[in-house]
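The values are calculated or read from the model by the stated rules, or taken from the named source; none is laboratory data. Remember, it's a predicted structure, so these values are computed and weren't measured experimentally. Every residue, glycine as well, gets a Cβ built from its backbone with ideal geometry; the counts of neighbours run over all protein chains shown. To get the accessible areas, we keep the full protein, side chains included, count just its heavy atoms, and leave off ligands, DNA and RNA. Shrake-Rupley method; radii C 1.70, N 1.55, O 1.52, S 1.80 Å.
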Amino acid sequence: MQKREQGKSGGSGGGNAAPPPKRGRPFGSTAASVASASAADSVAPSTLLGPSLQIHNSFSEQNNKRIVLALQSGLKSELTWALNTLTLLSFKEKDDMRKDACLAKIPGLLDALLQIIDDWRDIALPKELRKGQRTRTLGANSVVTGFGNEYEALGSIALLPQSGLGPGSAAEISGQKNTSKRRRSEWWLDEDGLFNLDDEGRAEKQQCAVAASNIIRNFSFMPENEIAMAQHRHCLETVFQCIEDHIVEDEELVTNAIETIVNLAPLLDLRIFSSPKPSYIKITEKRAVQAIMGMLGSQVKAWHCAAAEFLGRMIINPDNEPLLLPFVPQIYKRLVDILSLQAFDAQAAAIGALYNLVDVNMDCRLKLASERWAVDRILKVIKTPHPVPEVCRKAAMIIEHLASDPQNRTSLLAYENAFAEILFSDGRHSDTFARILFELTSKPNNKIAAARGIWGM
């Protein structure tokens, strides 16, 4: 598993590139931009959701209640001010010893941020894409159907045609009656409510949700916040639901969500979704893993790299291993596919996840050795070589783990010449491949294995 500090400093990729700047820092957030404290009370433009002022170290202690109340108010000016302030507080430079952004010091802050995301998700999905109600046909011709329409069905008896009206009028009244009944029963499902949002209002809600997710993501990088966030069920449910809906959800919101759980992965226990803690979204352990598998299969490099890194960190926890075991065959096959990509950060994420998988799961060791192209692609990472020496070392250790299992010796002897070439040409991994060759040739299982090693059969 890659060093936790390296994983965080390198973002979700884990490659050799310089750490990308944090999102949510638009123009005006640098040290050269200094604004007065009174600017916090002014109404900021709707497009400016990043920091726009410098904050004193003791600011959050003096204004923590105001920040939470501003988030809960829903007022545009107050909400923008609070998001600007928290974005700056949550952004932590490498050498910054800021402690004001600790969630434990501001009660109710995390719940207020999550509520902003939940408010956007309530209106994010268009009505056309929502799952429609199931049509009930049983007892449709009865007065009382048993499906919750008894009051309307019985009330319709009073609307029978009055005396003096012709038979044609009775049919018209009956048609009007059915139409009004349908409208009464489906009004809350067909309409958005009395205060519908236009496109501008929806865009503002979306910007606020993205800004709130960026703040939560920044908070997850701070060690003092990790325990509180990893044990907060509402936070995890919201994050996993955003990941689950990555196809239709805002891309930056999904990216912030996946990076948040990658930072929390070492402390995350999936059994929290079946714990007696209050639940808001009803996410189960299986749904959480399936959401990550969906991200692993995504074509977006940042997403499948982060998902691979998350799974590699999660499998180390013995409590999470039983929940991940049913998905192990899909996981290592996808990781082998990611190894074929030319991106160094994708290769690093896949190698890190495979390193932990073969270390803790014997079934993965047996199947990975026989997986087509798996050993070839791992060797390619070493021969290229990958610019990060730690990735090459883990790739060599993966092969050593595979060679330690006697059942893999037959399939690995076909690569004996490649192992010997690395042994004599690369001094950094000579010890590892010397042990690999010793395991493969010192105790052959049978004569066929020995012949395969000599003649390359």
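When the charge dipole of region 326-446 is built from unit charges on Cβ atoms (+1 for Lys and Arg, -1 for Asp and Glu) and taken about the Cα centre, the candidate among LEU423, GLN342, ILE436 whose Cα reaches farthest toward its positive end is GLN342.
Only Cα pairs under 8 Å and 6+ residues apart enter the sum, and on that basis the relative contact order of region 326-446 stands at 22 percent.
Over region 229-337, the ratio between the Cα radius of gyration and 2.2 N^0.38 Å evaluates to 0.98. Each Cα pair of region 379-448 feeds into the Kirkwood radius, which the Stokes-Einstein equation turns, at 4 °C and 1.567 mPa s, into a diffusion coefficient of 106 µm²/s. Packing order of peptides 367-380, 421-434, highest average first: 367-380, 421-434 (average count of other Cβ atoms within 10 Å over each peptide's residues).
Once the 1.4 Å probe is applied to the protein heavy atoms, region 326-446 comes out at 44 Å² accessible per residue.
Here the Karplus curve 6.51 cos²θ - 1.76 cosθ + 1.60, taken at θ = phi - 60°, turns the phi angles of region 213-229 into couplings of 5, 5, 5, 4, 4, 5, 4, 5, 6, 8, x, 5, 9, 5, 5, 4, 6 Hz, with x standing for Gly and Pro. Each peptide in 269-280, 311-322 gets a packing score, the mean of other Cβ atoms within 10 Å over its residues, and the list from highest to lowest is 311-322, 269-280. A Förster distance of 30 Å, applied to the separation of the beta-carbon atoms of ILE316 and LEU341, puts the FRET efficiency at 0.80. Computed from the C-beta positions of ASP376 and LYS282 and an R0 of 56 Å, the FRET efficiency is 0.80 to the nearest 0.05. Average 1/r across all pairs of distinct alpha carbons in region 326-446, invert it, and you get the Kirkwood radius: 14.2 Å.
Rounded to the nearest 20, the Cβ-based charge dipole of region 326-446 about its Cα centre (Lys and Arg +1, Asp and Glu -1) stands at 160 debye. Remark: the GLN330-ALA434 segment gains 34.3 nm on full extension, using 0.36 nm per residue and subtracting the alpha carbon distance.
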